1. Which whole-number percentage describes the relative contact order of segment 2-67, with Cα contacts under 8 Å and a sequence gap of 6 or more?
2. Direction-averaged shadow area of the convex hull around the Cα atoms of the chain, nm²?
3. Using DSSP to define loop residues, name the trypsin sites (Lys or Arg not before Pro) in segment 1-61 whose beta-carbon has at most 14 other beta-carbon atoms within 10 Å.
4. What angle, in degrees between 0 and 90 and rounded to the nearest 10, separates the Cα long axis of helix 57-67 from the longest principal axis of the Cα atoms of the chain?
5. Rounded to the nearest 500 deg cm²/dmol, what is the calculated helix-only ellipticity per residue at 222 nm for the chain, with -39500 (n - 2.57) per DSSP H run of length n ≥ 4?
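Laboratory data are not the source of any read-out in this text; all were calculated from the coordinates shown. On a predicted model such as this, the values are computed, not experimentally measured, just so you know. With ideal geometry, Cβ positions are generated from the backbone for all residues, glycine too; neighbour counts draw on all protein chains shown.
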Amino acid sequence: MIGTRELYASANGDRWLLARDSSSGRVFVRHEPSVASGGQRAEFEIGDFLVRGGQGPEHQALLRLIGTLVEDGASN
């Protein structure tokens, strides 16, 4: 089973989701294009996604989510 969490939805209807395959543990980003664009769904490994044009709002949303995993002032 693949669980998802929406990272970002663009004004034109494209969606980017953080996804995890519970059977394999694989974590990846899924892009679901809008119906109007006629594109196909694509999946990206996390590193590849961040390297590929990493300044878009969908990339910033993933970085913000990752940032929430570290509490302010926390240290190991």
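1. 25 percent
2. Mean shadow area of the hull around the Cα atoms is 6.5 nm².
3. R26, R41, R52
4. 30 degrees
5. -6000 deg cm²/dmol
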